[in-house]
Structures are given as C-alpha cells and as structure tokens.
Amino acid sequence: MIVLGSTSEVAQAFVEKALQEGEKYERIYLFTSNREATERFAQHIDVKFLQQSEIIELDLTKEINYFSFDHINSNLLFCATGYLGDGTEEGLYDNKNTERIIDINYSKLVPVINYFAQKFEGKRSGTIIGLSSVAGDRGRQSNFIYGSAKAAFTAYLSGLRNYLFEKKVHVLTVKPGFMATKMTEGLPLNPKLTATPKQAADCIYKAFKKQKNIAYVLPIWGVIMLIIRNIPEFIFKKLKL
C-alpha cells in the first residue's frame, strides 16, 4: 500500500482498518514530510500487525525526485494529503499561504499520483483512493482558496477515474465533511456533522471493497451539499457560509 500524507489520522486509521480486516501487504510505503511522527506509526503497525513498512520523505513544497520511487510496487494508493491553510481575510490575500494551499492540495500532488497511476495502468490493476472535500463542491467565502484546490482535485479524480476505467484501475473519491483531526483542531465544528478518523476509515474501507466511485463519510453531507449546490447564485452570494 502507498500512503500519501501518512501523518493524517484518517490515513493511519485506514491502514489499521485494512490490516485488521486481514488485508495483506508486502510493504506499506509511508510518504511523509514529518519523519519523526511517521516513524512512531511505522513502529506501531510493526508491533501490532507485524507489518513491514518503508518511510519515504515527500515535501510537496520542494522539488520531487521521482527516481526514488522506482522500486515501489503496489496495487493500492491512499492519498490523504491536505493543507487547510489560513482562511482569514489576511490569509486569503497572502500569496505564500495561497501557493502552499494550492501546491499541497493539488498542483504538486497530482504529478505524484499520476506517477503511480501510470504504474497501475501498466499492470492493468489497482485502486487509487483520494481524499478530497465537500469544500470543493461549491466555493464559499469562508475557505474558497482551499475549496478551489479541492474542487480541482475532485475534477482530477473524476477524470482519472474515467480515463483508467478501461485500464482496469479504479479511482475512489472520498468527500469528508467536518473531521475531528489536528487540521481542524480549535474550529467550532457541529458534533452531529463531524466524523472521527475511525468512522472515516470504516466508511472508506467499505467504499473501497464495494468499488464505489464517490463516498461521503457521513451520508448527511451528500444531502447538505446537494442543497448548497442548488441554491441560486443571486441568493448564494449574499450568504455567510
């Protein structure tokens, strides 16, 4: 298994869920920009599941050496890479903040996924699971930079799914709503609309096994975003969302 964003609580919960369900992996490749935190997780799955892993440093804000990925062989890629950034008024007009949000959530991430997608295509097998966001379903004033990057990522996954279908490679788009993670710590989240990493992992694993195309972690978010997407623009632009 290839894990992009392996310090993500959702990614780690998914790895544990898959191993608990008896999935077998010769090696789990943990891509990370935080080696220390990832080493703790690698030791955890080694002790608990006797699972071999390899840590690969990946910083999407720097130049990427794709030759260092040549030895990687897998049929499953799980991408939980994400960066919320600063959504305040100051952050919205801060070019460094904007570039970092776009780089990590989309522009520097897509070539990495493409690299492995080509490998999967060559083998005519594999699954790519990408965590996008409901924020990409419609731009809202509270996080439109982040939302725009996730909208692009959602469109990319949709096109990739269409392209790889005949190549026997499946692409699953996951759209979490509010998540109780480090990235959202301190935000005023409605507990009824907020999922835990374990809930997310359970949902994603089921969607993976059923080869679903799109999965909302909490079904209520599918309803919420259907309503939000269909609010007429002349009304929507006046709302504080």
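Compute the helix-to-body angle for 35-49: its Cα long axis versus the longest principal axis of the chain, expressed 0 to 90° and rounded to tens. Helix 35-49 and the main axis of the chain meet at about 60 degrees. Taking a point 7 Å from the Cα of Leu50 along the Cα-to-Cβ direction, the residues of the stretch 6-24 with backbone N closer than 16 Å to it are 19-24.
Over all directions, what mean area does the Cα convex hull of the stretch 125-194 project, stated in square nanometres?
On the way: hull surface 21.8 nm².
Spelled out: convex hull of the Cα atoms, projected over all directions, averaged, 5.4 nm².
Couplings 3J(HN,Hα) of the stretch 8-17, computed from phi: 4, 4, 5, 4, 5, 5, 5, 4, 5, 4 Hz, in residue order, whole Hz [Karplus 6.51 cos²θ - 1.76 cosθ + 1.60, θ = phi - 60°; x for Gly and Pro]. Relative to the longest principal axis of the Cα atoms of the chain, the long axis of helix 220-229 makes an angle of roughly 50 degrees. Go ahead and run the numbers for FRET between Gln20 and Lys238, Cβ-Cβ distance against an R0 of 51 Å, rounding to 0.05. Once the sixth-power term is evaluated, E becomes 0.60. Distance between the 7 Å Cα→Cβ label points at Lys168 and Ser107: 3.8 nm.
Values quoted throughout were computed directly from the atomic coordinates according to the rules given, and no laboratory measurement underlies them. Quick caveat: nothing in here was measured; it's all calculated off a predicted structure. Cβ: placed from backbone, ideal geometry, glycine included. Neighbour counts: every protein chain shown.
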